[in-house]
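Trainee: Quick one: the structure is below, questions incoming.
The values are calculated or read from the model by the stated rules, or taken from the named source; none is laboratory data. All values derive from a computational prediction rather than experimental measurement. Here Cβ is always computed from backbone atoms with ideal geometry, including for glycine, and neighbour counts include all displayed protein chains.
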There are 2 protein chains.
Amino acid sequence: MEEKEISQAVISRLPRYFRYLGELKERGIERISSQELSDIMKVTASQIRQDFNNFGGFGQQGYGYNVEYLYDEISKILGIDQMHQLIIIGVGNLGQALTNYTNFNRRGFVFKGAFDCNPELYGMKIRGVEVRPTEEIENFVRTNNIDIAVLTIPKDQAVPMAQRLVDCGIKAIWNFAHVDLDVPENVQVENVHLSDSLMKLSYNITRYEKKHGRTGNGKTGS
Amino acid sequence: MEEKEISQAVISRLPRYFRYLGELKERGIERISSQELSDIMKVTASQIRQDFNNFGGFGQQGYGYNVEYLYDEISKILGIDQMHQLIIIGVGNLGQALTNYTNFNRRGFVFKGAFDCNPELYGMKIRGVEVRPTEEIENFVRTNNIDIAVLTIPKDQAVPMAQRLVDCGIKAIWNFAHVDLDVPENVQVENVHLSDSLMKLSYNITRYEKKHGRTGNGKTGS
């Protein structure tokens, strides 16, 4: 495969392809054309072919794609054919929700440790993972070969914590704190800014109403 | 303001501008040039000017932008100068975490109801919001003028639930279920697919390692 730079827009679409292919695989479907995939995913067949061409095309378009092959290839590209070891920092409701997701575990993302600065939580177990004091993070990351730290702490704590994680050699930070983290390029960051997502929704409501003059709750006859 | 169609890419950047402007405002800064904003936000000044031009430009660039004015204008564009009434469907850890975020409340997103199909949770209160049976959703949405339903339920339940919400006149769905929802164009959907975000992170780790030959946990001398 060519080592050219793939745009983040294409990469953002890969997990969605992976999800649909996983569902096709579960339904026992062995082969699918870009047109059929286009119909169920509601993107153009041309977009699908363009996206896949970034990775060499994945085979004969005349006969359609082999679902299992495509699924496996995308899983390799996404790096989820390998295990990832995670820790979670901040064991509030959100931290506990994420640690409890069996879905992540099934994809090879394994929570190895949980950390909090509240002593009342020390020793508590979430799906077998013990909550420890944040002071132990550096040692834990180094001795347990941790790849990814999940930050579910307030934004004022997230910036210094990110620095500590960078210093002890973390590879990636999954950041739920509502702040942008400034890390060196060898540390990958993916932000989940929930407020931003909610504001985007609010924008789209407002925009729709301005355009169609709907106000209040009720169905519009558009 | 012109009613031209703004791209979702621009809209995705608005909440981030809003966040930075809010911080500048809190720090008492009254005026900022696109270059200064560019430095702190790490996007080009040209990008900022282009983005703002979609909304008429927000004023004199020679003297910089008025922070408070810009903050207020963006808040109006995002529709967060108005209140939004929310319900949450699915009161697991994630549902509870979202209901507990005081930050949303501060931005005018007010949780009015919480629903679950587990009778053991009925009557439980989360920040004063009572958990009710899902059977009551339609009536609640209609009588309480609910704009937004937050779906934190498993994906097989999310599709029929979205249909019920559409039928009772919801304006928007904030969807955390790992499935794409098929709704009419008068209902806005914003997806938070956490697994997709985690896979993107995994891609970026894998990509970096392929490029730089780093394996295992440890700092690289890039």
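Trainee: Can you pull out the residues in the range B:174-206 that are outside any loop (DSSP other than H, G, I, E, B) and either at pLDDT below 90 or of a type in the set (G, A, S) (or both)?
Mentor: So the first thing to find is which residues in the range B:174-206 are outside any loop (DSSP other than H, G, I, E, B), and the list is B:174-175, B:188-191, B:194-206.
Residues satisfying the conditions are B:S195, B:S197, B:S202.
Trainee: Can you pull out the residues in the range A:152-178 that are of a type in the set (S, T, N, Q), buried (at least 23 other Cβ atoms within 10 Å of the Cβ) and out of contact with any strand residue (DSSP E or B) (no Cβ under 6 Å at 6 or more places or on another chain)? Talk me through it step by step, then tell me what you get.
Mentor: Of the range A:152-178, the ones of a type in the set (S, T, N, Q) are A:152, A:157, A:163, A:175.
This time we only want the ones that are buried (at least 23 other Cβ atoms within 10 Å of the Cβ), so: A:152, A:175.
Listed by number, the list holds a single entry, A:T152.
Trainee: Only residues that are basic (K, R) and surrounded by 14 or more Cβ atoms within 10 Å (Cβ to Cβ): list them for the range A:110-141, please. Give the derivation first.
Mentor: Looking only at the range A:110-141, we keep the residues that are basic (K, R), and these are A:112, A:125, A:127, A:132.
Residues satisfying the conditions are A:K112, A:R132.
Trainee: Give me the residue from the range A:1-30 that is within 21 Å of B:N204 (Cα to Cα) and of a type in the set (D, E) and, out of that set, modelled with the lowest pLDDT.
Mentor: A:E2
Trainee: Testing B:R16 on (1) touching a residue at least 12 places away in the same chain (Cβ under 8 Å); (2) within 14 Å of chain A (Cβ to nearest Cβ); (3) surrounded by fewer than 16 Cβ atoms within 10 Å (Cβ to Cβ), one condition comes back false. Which one is that?
Mentor: Every listed condition holds for B:R16 apart from (3).
Trainee: Looking only at the range B:35-62, which residues are more than 26 Å from A:L198 (Cα to Cα) and in contact with a strand residue (DSSP E or B) (Cβ under 7 Å, 6 or more places away or on another chain)?
Mentor: B:G59
Trainee: Another question about this same structure. Can you tell me which residue is nearest to the chain's Cα centre (by Cα) among those in the range B:90-120 that are aromatic (F, W, Y) and not in a helix (DSSP H, G or I)?
Mentor: Going through the range B:90-120, the residues aromatic (F, W, Y) turn out to be B:101, B:104, B:109, B:111, B:115.
Add one more test, that the residue is not in a helix (DSSP H, G or I), and what stays is B:101, B:109, B:111, B:115.
On the way: B:Y101: 13, B:F109: 11, B:F111: 15, B:F115: 21 Å.
Per the stated criteria, the residue is B:F109.
Trainee: To continue, here is another question. Just to check your reading of the model, which residue among B:G28, B:G22 is over 26 Å from A:K211 (Cα atoms), of a type in the set (G, A, S), within 14 Å of chain A (Cβ to nearest Cβ) and out of contact with any strand residue (DSSP E or B) (no Cβ under 6 Å at 6 or more places or on another chain)?
Mentor: Working: B:G28 fails: within 14 Å of chain A (Cβ to nearest Cβ).
Result: B:G22 is the single residue among B:G28, B:G22 that is over 26 Å from A:K211 (Cα atoms), of a type in the set (G, A, S), within 14 Å of chain A (Cβ to nearest Cβ) and out of contact with any strand residue (DSSP E or B) (no Cβ under 6 Å at 6 or more places or on another chain).
Trainee: If you scan the range A:49-106, which residues turn out to be of a type in the set (D, E, K, R) and either farther than 28 Å from B:G95 by Cα or surrounded by 20 or more Cβ atoms within 10 Å (Cβ to Cβ) (or both)? Talk me through it step by step, then tell me what you get.
Mentor: The initial filter retains those residues of the range A:49-106 that are of a type in the set (D, E, K, R), namely A:49, A:51, A:68, A:72-73, A:76, A:81, A:106.
Within the range A:49-106, A:R49, A:D51, A:E68, A:D72, A:E73, A:K76, A:D81 qualify.
Trainee: Pull up the range A:86-109, narrow it to residues that are at pLDDT 95 or above and in contact with a Gly (Cβ under 9 Å, 6 or more places away or on another chain), then point me to the one that is nearest to the other protein chains (Cβ to nearest Cβ).
Mentor: Result: A:L86.
Trainee: Is there a residue being in contact with a helix residue (DSSP H, G or I) (Cβ under 6 Å, 6 or more places away or on another chain), more than 9 Å from chain A (Cβ to nearest Cβ) and at pLDDT 95 or above anywhere in the range B:153-170?
Mentor: no
Trainee: Condition test on A:V192, is it in contact with a Phe, Trp or Tyr (Cβ under 6 Å, 6 or more places away or on another chain), more than 8 Å from chain B (Cβ to nearest Cβ), within 27 Å of B:N105 (Cβ to Cβ) and surrounded by 18 or more Cβ atoms within 10 Å (Cβ to Cβ)?
Mentor: On the way: in contact with a Phe, Trp or Tyr (Cβ under 6 Å, 6 or more places away or on another chain): yes; more than 8 Å from chain B (Cβ to nearest Cβ): no; within 27 Å of B:N105 (Cβ to Cβ): yes; surrounded by 18 or more Cβ atoms within 10 Å (Cβ to Cβ): yes.
It is false that A:V192 is in contact with a Phe, Trp or Tyr (Cβ under 6 Å, 6 or more places away or on another chain), more than 8 Å from chain B (Cβ to nearest Cβ), within 27 Å of B:N105 (Cβ to Cβ) and surrounded by 18 or more Cβ atoms within 10 Å (Cβ to Cβ).
Trainee: Moving on to the next point. Failed condition for A:Q85, given (1) without any contact (Cβ under 8 Å) to a residue 40 or more places away in the chain; (2) out of contact with any Cys (no Cβ under 6 Å at 6 or more places or on another chain), with all others met?
Mentor: (1)
Trainee: When both residues are 6+ apart or on different chains and their Cβ atoms are under 9 Å apart, which pairs have a first residue that lies in the range A:201-212 and is more than 7 Å from chain B (Cβ to nearest Cβ), and a second that is basic (K, R)?
Mentor: A:E209/B:K171
Trainee: I would also like to ask the following. Considering only the range A:110-136, state which residues are within 14 Å of chain B (Cβ to nearest Cβ) and out of contact with any helix residue (DSSP H, G or I) (no Cβ under 7 Å at 6 or more places or on another chain).
Mentor: A:V110, A:K112, A:M124
Trainee: A further question follows. Looking at B:V179 and the list (1) at the interface with chain A (Cβ under 8 Å from one of its Cβ atoms); (2) within 18 Å of the chain's Cα centre (by Cα), which single condition is not satisfied?
Mentor: B:V179 satisfies all of (1) at the interface with chain A (Cβ under 8 Å from one of its Cβ atoms); (2) within 18 Å of the chain's Cα centre (by Cα) except (1).
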